[in-house]
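> Pasting in a structure now, in structure tokens, and then I'll have a few things to ask.
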Amino acid sequence: MHPYRTHTCGELREARVGETVRLSGWVHRVRDHGGLLFIDLRDHYGITQCVADPDSPAFADVEKVRAEWVVRIDGRVRSRPAETYNENLSTGAIEVFIDGLEVLSAAAELPMPVFGDAQYPEETRLRYRFLDLRREKLHQNIVKRSKIIASIRQRMVDQGFLEFQTPILTASSPEGARDFLVPSRLHPGQFYALPQAPQQFKQLTMVAGFDRYFQIAPCFRDEDARADRSPGEFYQLDIEMSFVTQDDVFSVVEPVLRGLFEEFGEGKHVTPEFPRIPYATAMRKYGTDKPDLRNPIEMEEVSEAFRGSGFKVFANILEKDADAEVWAIPAKGGGSRAFCDRMNSWAQGEGQPGLGYIFFRDGEGAGPVAKNIGPERTEQVRTQLGLADGDAVFFVAGKPKSFVNFAGAARRRVGEELGLIAKDLFEFCWIVDFPMFEWNEDEKKVDFSHNPFSMPQGGLEALQTMDPLEIKAFQYDIVCNGIELSSGAIRNHLPEIMRKAFEIAGYDQSVLEEKFGGMLRALQYGAPPHGGIAPGVDRIVMLLCGEENLREVVMYPMNQQAQDLMMGAPSEVSAKQLRELHIRLALPQTRQQAS
RNA sequence: GGGGGUGUAGCUCAGUCGGUUAGAGCGCUGGCCUGUCACGCCAGAGGCCGCGGGUUCGAGUCCCGUCACUCCCGCCA
């Protein structure tokens, strides 16, 4: 007989009744009735109820075991009395009568129980991650993650993509996020950087003629964490393709994501064809470049209803500034003074002067704004937005650029408060036509708005003839339920266009040469037109597991301060290690005093 | 770097207006219990009230500082 098991804890059925079996696992739960004692034995595969009474030669041993001990149980499968079936267990029709029990590993008193689904502090969960991972929800999330990644690989391979590994120790890149640095022993004073993404490598792979690349790629960025942004490291489904247009990239990636979400979305409806929304349209309708399309609210400009009206605040704003506009946020079902006032005080809490509104009842608009602009203009607004009694509409005024973020937040808030956000949906869209450049207000200069490797729409001619701020890029995002899942672009594969683009962003040729010399050289030896995208694997898994925090889908996550509480990272290193790396510490004042 | 929230038993939390010996549930230890599956019943152990300072006759409670965790802003091409 195998030293540990003949079956797993999720395996036995009534067909095995009468057989002698051996199971190993964790003691999930003990129910001791004195003369009758139950152990729920758990492993990765399931739970099997084991039972002992004084007739069992192992009874004395069984009485000693405690939660989370690892034990081996020898016994006989028997069917349970019909009234004691447990429908919640796959093995619920049988139980194992214990003839022998060996303790393989005892457990100390637990800092957090594995049994049950109570909430525990993050610090405890992270420090004892191996216990948290035993718990059903997290265990299942991690299993699901593995299956999702396997499915991604299969779907990519099926479309003719090859997976390649790119370096982890590489060069610091000049733009983007802060790098993690690794000191070089052989080259005093020099450092490797961990890749923020394999961006340049994947483009070089296209230059090298491999045509279709993908990788479940680790990415490292030394930036502060958020609930949907792991500190330090995360994974991307990194994709690059040669001889493609934007449409080609879309037609490859869209079925992968749709298929993945249909496979793992537990029946939630998935957008059959992802709509393509230009960046500018998304900003005007939704106030964000990552709209949650489950929220049906679409904002509209209603400046004309206020121009020269009796609502002097808005009328004056419009008069003083030709760029000023008034946007309306329709709120179907929000037509009560209580709701409108609540939104108004929320807006004030957001640092806004307030949130103008009209609510409709008894066939007319009510509230101070309606009074000031009069019934005709009120009706004009109502008709434009298709509102009726019981609805409301909120207004924001000023330069769109300065209020658009707030307008987007208000749209989101209204949708949430009124329960307008549909559940059980994965609403995808493409956001396309991102601007190539943007105005950097701090430095008073034109800057790249995404990465400098994107191809401008219109090519070199556009760069030479158009207002830089009007030029769009072949740059696109995928958004699902308001979460930015990925970002990609058709790349700029022509050195002359890259030189021109850098010139517009105010970078000297020497900067381009110094920072992107390798890339630039590669483009001079025959580079295919190419493009790609990089969906965030962790965020995909998060959506498919219905979680709000990445730590629920990452096996060994760090805390928000980028510490691994279980392994104790980061940690101090020995003086010898530092010497070998030619490093002398220059700690901040407070630290020195503390130590 | 900045703002909000939290911090009381191993864990989850309660603790009134500043007032006697800081409580409950789960877990733990011991006892009883032969059909439970969140088993039940009885008893017990377990506290630097995050830490430091202050106000006060008296501080878990009020004030100041600080630390930790978390959420957000900045940041994240």
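Listed here are the residues, each with its yes/no results for (1) in contact with a Cys (Cβ under 6 Å, 6 or more places away or on another chain); (2) at negative phi.
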| position | (1), (2) |
| --- | --- |
| A:VAL70 | no, yes |
| A:ILE73 | yes, yes |
| A:THR84 | no, yes |
| A:GLU102 | no, yes |
| A:TYR120 | no, yes |
| A:ARG127 | no, yes |
| A:GLN140 | no, yes |
| A:GLY160 | no, no |
| A:SER172 | no, yes |
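> Mind checking which residues of region A:15-39 are modelled with pLDDT under 95 and acidic (Asp, Glu)?
Passing the criteria: only A:ASP32.
> Need at least 3 residues that are more than 30 Å from A:ARG551 (Cβ to Cβ) and within 8 Å of RNA strand B (Cβ to nearest atom) per element, so show me which strands (runs of 3 or more DSSP E) inside region A:16-133 make the cut, counting only ones lying wholly within it.
A:20-32
> Specify the residue that is nearest to A:VAL252 (Cα to Cα); the eligible residues are those in region A:521-558 that are within 15 Å of RNA strand B (Cβ to nearest atom) and in contact with a Pro (Cβ under 6 Å, 6 or more places away or on another chain).
Restricting to residues being within 15 Å of RNA strand B (Cβ to nearest atom) and in contact with a Pro (Cβ under 6 Å, 6 or more places away or on another chain), the top hit is A:ARG551.
> Restricting the first residue to region A:452-470 and requiring it to be under 24 Å from A:GLY176 (Cβ atoms), which pairs with a second residue that is small (Gly, Ala, Ser) and away from RNA strand B (no atom under 16 Å from the Cβ) meet a Cβ separation below 6 Å and a spacing of at least six or different chains?
These pairs meet every condition: A:PRO456/A:ALA462.
> Hey, does region A:337-345 have a residue that's of a type in the set (Lys, Arg) and either closer than 21 Å to A:ARG284 by Cβ or free of Cβ contacts under 8 Å to residues at least 24 places away in the same chain (or both)?
No; the residues of region A:337-345 include none that is of a type in the set (Lys, Arg) and either closer than 21 Å to A:ARG284 by Cβ or free of Cβ contacts under 8 Å to residues at least 24 places away in the same chain (or both).
> Is it the case that A:SER173 is within 13 Å of RNA strand B (Cβ to nearest atom), among the hydroxyl-bearing types (Ser, Thr, Tyr) and over 23 Å from the mean Cα position of the chain (by Cα)?
yes
> Same structure, new question: Would you check if there is a residue in region A:217-238 being modelled with pLDDT of 95 or more and over 19 Å from A:ARG145 (Cα atoms)?
No, there is no match, as no residue in region A:217-238 is modelled with pLDDT of 95 or more and over 19 Å from A:ARG145 (Cα atoms).
So that you can scan it fast, the table gives a plain yes or no per residue for (1) touching an Asp or Glu at 6+ places or on another chain (Cβ under 9 Å); (2) closer than 14 Å to A:LEU485 by Cα:
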| residue | (1), (2) |
| --- | --- |
| A:ASP228 | yes, yes |
| A:GLU233 | no, no |
| A:GLU240 | no, no |
| A:GLN246 | no, no |
| A:VAL252 | no, no |
| A:PRO255 | no, no |
| A:ARG258 | yes, yes |
| A:GLU263 | no, no |
| A:GLY267 | yes, no |
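> Hey, A:ARG226 hits all of (1) away from RNA strand B (no atom under 14 Å from the Cβ); (2) farther than 15 Å from A:PHE428 by Cα but one; which does it fall short on?
With respect to (1) away from RNA strand B (no atom under 14 Å from the Cβ); (2) farther than 15 Å from A:PHE428 by Cα, A:ARG226 is out only on (1).
> Let me ask something else. Of all helices (runs of 4 or more DSSP H) completely enclosed by region A:476-595, which ones contain at least 1 residues that are under 30 Å from A:TRP439 (Cβ atoms), touching an Asp or Glu at 6+ places or on another chain (Cβ under 7 Å) and not β-branched (Val, Ile, Thr)?
By residue number, A:509-523, A:537-545.
> Of the conditions (1) outside any helix (DSSP H, G or I); (2) surrounded by 18 or more Cβ atoms within 10 Å (Cβ to Cβ), A:ARG145 fails just one. Which one is it?
Every listed condition holds for A:ARG145 apart from (1).
> Looking at region A:432-443, can you tell me whether even one residue there is in contact (Cβ under 8 Å) with a residue 40 or more places away in the chain, part of a loop (DSSP other than H, G, I, E, B) and more than 19 Å from A:THR281 (Cα to Cα)?
No, because not a single residue in region A:432-443 is in contact (Cβ under 8 Å) with a residue 40 or more places away in the chain, part of a loop (DSSP other than H, G, I, E, B) and more than 19 Å from A:THR281 (Cα to Cα).
> Among the residues of region A:206-217, are any closer than 30 Å to A:ASP447 by Cα and within 12 Å of RNA strand B (Cβ to nearest atom)?
Checked against the condition, which is being closer than 30 Å to A:ASP447 by Cα and within 12 Å of RNA strand B (Cβ to nearest atom), region A:206-217 yields at least one hit.
> Among (1) in a loop (DSSP other than H, G, I, E, B); (2) surrounded by 14 or more Cβ atoms within 10 Å (Cβ to Cβ), which single condition is A:LEU204 missing?
Unmet condition: (1).
> Only one of A:VAL65, A:VAL114 is in contact with a Lys or Arg (Cβ under 7 Å, 6 or more places away or on another chain), among the hydrophobic types (A, V, I, L, M, F, W, C) and at pLDDT below 95. Can you tell me which?
After applying the criteria, what remains is A:VAL114.
> For region A:386-406, enumerate the residues that are more than 16 Å from RNA strand B (Cβ to nearest atom), surrounded by fewer than 19 Cβ atoms within 10 Å (Cβ to Cβ) and not basic (Lys, Arg).
Of everything in region A:386-406, those that are more than 16 Å from RNA strand B (Cβ to nearest atom), surrounded by fewer than 19 Cβ atoms within 10 Å (Cβ to Cβ) and not basic (Lys, Arg) turn out to be A:GLY386, A:ALA388, A:ASP389, A:GLY390, A:PRO400.
> Additional query: Output the residue which, of all residues in region A:310-326 that are in a helix (DSSP H, G or I) and out of contact with any Ser or Thr (no Cβ under 9 Å at 6 or more places or on another chain), is nearest to A:LYS371 (Cα to Cα).
So, considering only residues that are in a helix (DSSP H, G or I) and out of contact with any Ser or Thr (no Cβ under 9 Å at 6 or more places or on another chain), the one nearest to A:LYS371 (Cα to Cα) is A:LYS312.
> Out of all the residues in region A:220-246, which are closer than 17 Å to A:ALA569 by Cα and assigned to a loop (DSSP other than H, G, I, E, B)?
Answer for region A:220-246, where residues must be closer than 17 Å to A:ALA569 by Cα and assigned to a loop (DSSP other than H, G, I, E, B): A:ASP222, A:GLU223, A:ASP224, A:ALA225, A:SER230, A:PRO231.
> Would you please name the residue that is farthest from the chain's Cα centre (by Cα), looking only at residues in region A:176-201 that are touching a residue at least 60 places away in the same chain (Cβ under 8 Å) and assigned to a loop (DSSP other than H, G, I, E, B)?
A:PRO188
> Could you grab the pairs with beta carbons closer than 9 Å, sequence gap of 6+ or different chains, first residue in region A:95-108 and more than 18 Å from A:THR8 (Cβ to Cβ) and at pLDDT below 95, second one in a strand (DSSP E or B) and near RNA strand B (Cβ under 10 Å from one of its atoms)?
A:ALA107/A:VAL27
> May I ask you to verify whether A:VAL396 is within 29 Å of A:VAL249 (Cβ to Cβ) and in contact (Cβ under 8 Å) with a residue 24 or more places away in the chain?
So A:VAL396 does not fit the description; no.
> If I filter region A:559-576 down to residues being near RNA strand B (Cβ under 8 Å from one of its atoms), touching a residue at least 12 places away in the same chain (Cβ under 8 Å) and surrounded by 12 or more Cβ atoms within 10 Å (Cβ to Cβ), which single residue comes out as nearest to A:LYS137 (Cα to Cα)?
Looking at residues that are near RNA strand B (Cβ under 8 Å from one of its atoms), touching a residue at least 12 places away in the same chain (Cβ under 8 Å) and surrounded by 12 or more Cβ atoms within 10 Å (Cβ to Cβ), I get A:ASN559.
The values are calculated or read from the model by the stated rules, or taken from the named source; none is laboratory data. Because the structure is a prediction, the values reported are computed rather than measured. Methodologically, a virtual Cβ is constructed for each residue, glycine included, from the backbone with ideal geometry; neighbour enumeration extends over all protein chains shown.
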